[in-house]
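A quick write-up on the structure given underneath.
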Amino acid sequence: MKRITKASELAEAGLIPADRVDALHRVASRFAIALTPAVHGRIDPADPADPIARQFVPSTAELDVAPDELEDPIGDAAYTPLKGVTHRYPDRVLLKPSHACPVYCRFCFRREAVGPGGESLSPAELDAALDYIARDARIWEVILSGGDPLILSPRRLGEIVRRLDSIPHVGVIRIHTRVPAVEPERVTPALVAALRARKAVWVVLHANHARELDARTREAVARLVDAGVPMLAQTVLLAGVNDDPSALEQLFRALVAMRVKPYYLHHADLAPGTAHFRTSIATGQALVRSLRGRVSGLCQPSYVLDIPGGAGKVPIGPSYLHESPAGETLVVEDWQGKLHVYPDFEER
């Protein structure tokens, strides 16, 4: 299998009918296509509802842009003081050294910015970004994002990690990536060595379905964890992919068994042409509620919404506290839906 980057190659691989090539070429002219051999190999072409195909094979629905969808759905632009840096919260910044990815998710919230032509930071631009971080003593955490930081060569990635490691006030380096799940062969001993630092280096894996966590992905994750790199996972709630309790349960159990803690379950952002992926918030809350009692706390991420305009993430999971009619006690709901009275004492 080879890497797929064109609609015609999707047809040649048997992933779409030949008569859809022209229509999907129009999609590809706006939003990049890329499937690695690992992703291609997990798709069942005979299944029209295949959850892996839905994430990576384009659809003409992507050309239907809803009125409330935004080119910059989480407001990065307003918080970008210089190229490659997004500084929304006082104590942490995003550093985006590259806008390229090994695959292009059809629901990506940065789909207007990422792609094969996406620029990497030049040496001068990277110097400026690192200087910005070094000058602001409030910055405790640097999050490498993009694009996918693990698409960089081990040499370039290692240089960035070493330079961040040398900034006294930086305490944590966090790396957000799809690579272990979509191109696990990139997780080589050299790449693992590039992440070695005195500071805490965390890797956050983006995975949305248990079928992404095959043997090669598990081996890639093990190489990182065995080297002392702690790992979290983030998942996007996607209609037709993981919007049922069983799919989420299987995914989160599989991650924890791999020593990866589910961290965020993202409500899908208002990116252009992605309405067919979004559930309602009520649906998301019901799904999260269904996990309470089905799986342990290790398997339960925070359900979050990234507020448009750059206001940041907030938890939007269900509440289990209700005021009693008398107002002097609380009613607490357990995982089975049973209600319990709990005294709400005033602080003394």
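Taken together, the values in this text are just the output of simple stated rules run on the coordinates, not laboratory data. Just so you know, these numbers come straight off a predicted model, no measurement behind them. Virtual Cβ from ideal backbone geometry, glycine too; neighbours counted across all protein chains shown.
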Of all residues in the stretch 49-72, which are closer than 25 Å to residue 308 by Cα and not in a helix (DSSP H, G or I)?
58, 59, 64, 65, 66, 67, 68, 69, 70, 71, 72
May I ask you to list the residues in the stretch 268-292 that are of a type in the set (A, V, I, L, M) and touching a residue at least 60 places away in the same chain (Cβ under 8 Å)?
268, 270, 271, 275
I'm checking my understanding of the structure. Among residues of the stretch 135-189 that are among the charged types (D, E, K, R) and assigned to a strand (DSSP E or B), which one is nearest to the chain's Cα centre (by Cα)?
174
Considering only the stretch 261-274, state which residues are of a type in the set (A, V, I, L, M, F, W, C) and more than 17 Å from residue 303 (Cα to Cα).
271
Quick count over the stretch 290-306, residues being under 29 Å from residue 90 (Cα atoms) and surrounded by 15 or more Cβ atoms within 10 Å (Cβ to Cβ), is 7
Go over the candidates 101, 105 one by one and state the one that is in contact with a Gly (Cβ under 8 Å, 6 or more places away or on another chain) and either within 23 Å of residue 251 (Cβ to Cβ) or not in a helix (DSSP H, G or I) (or both).
101
Among the residues of the stretch 204-214, is there at least one that is surrounded by fewer than 17 Cβ atoms within 10 Å (Cβ to Cβ), within 20 Å of residue 257 (Cα to Cα) and in contact (Cβ under 8 Å) with a residue 40 or more places away in the chain?
yes
Whether any residue in the stretch 217-235 is touching a residue at least 40 places away in the same chain (Cβ under 8 Å), surrounded by fewer than 19 Cβ atoms within 10 Å (Cβ to Cβ) and of a type in the set (A, V, I, L, M, F, W, C) is what I want to check.
no
Can you name the number of the only condition in (1) part of a loop (DSSP other than H, G, I, E, B); (2) in contact with a helix residue (DSSP H, G or I) (Cβ under 8 Å, 6 or more places away or on another chain); (3) surrounded by fewer than 20 Cβ atoms within 10 Å (Cβ to Cβ); (4) of a type in the set (A, V, I, L, M, F, W, C) that residue 46 fails?
(2)
